[in-house]
Amino acid sequence: MKTMTCNELGGKCDQKLSAESWDEMVKVMTKHVMDKHPDVAKKMEELHKQDPHKWGRETKPKWDAAPEV
Ligand SMILES: [Zn+2]
């Protein structure tokens, strides 16, 4: 299990989000931004259309570097 903050994942608050795997973290983060930051969700959706792998490319290394708890 790893924990990252919304900020580290490209969001804009300090809420901690935990997941067992990167795939799960993507889901947790997606749900969080849709619930809490609709504007960020919209921006991410637009970026995703331009380059579907950009977010993962930039964010997954942070996940990999996060300590396993
Ligand atoms: Zn947030």
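The values are calculated or read from the model by the stated rules, or taken from the named source; none is laboratory data. Everything quoted here is computed from the prediction, not taken from an experiment. So basically every Cβ, Gly included, is an ideal-geometry build from the backbone, and we count neighbours across all protein chains shown. Surface accessibility is based on the protein's heavy atoms, side chains included, excluding ligands, DNA and RNA. Shrake-Rupley method; radii C 1.70, N 1.55, O 1.52, S 1.80 Å.
A few notes on this one:
- Rh (Kirkwood; distinct C-alpha pairs) - the range 12-54, Å: 11.0
- Candidate cross-link partners of K54 among the lysines, defined by an alpha-carbon separation under 17 Å and a same-chain spacing of 8 or more, comprise K27, K42, K43, K62.
- In the context of the full set of protein chains, the chain has a per residue accessible area of 70 Å² (1.4 Å probe).
- Shown here for the range 1-52: trypsin sites (Lys or Arg not before Pro) in loop regions (DSSP other than H, G, I, E, B) with at most 14 other Cβ atoms within 10 Å, namely K12.
- Percent RCO, i.e. relative contact order, over the chain, from Cα pairs under 8 Å lying at least 6 residues apart: 36
- Carbon/sulfur fraction of accessible area - the range 2-65, other protein chains in place, 1.4 Å, %: 53
- Only helices enter the 222 nm calculation for the chain: every DSSP H run of n ≥ 4 contributes -39,500 (n - 2.57), and dividing by all residues gives -18500 deg cm²/dmol, rounded to 500.
- In the chain, the longest principal axis of the Cα atoms and the axis of helix 54-65 are about 10 degrees apart.
- Rounded tilt (10° steps) of 22-36 against the dominant C-alpha axis of the chain: 50
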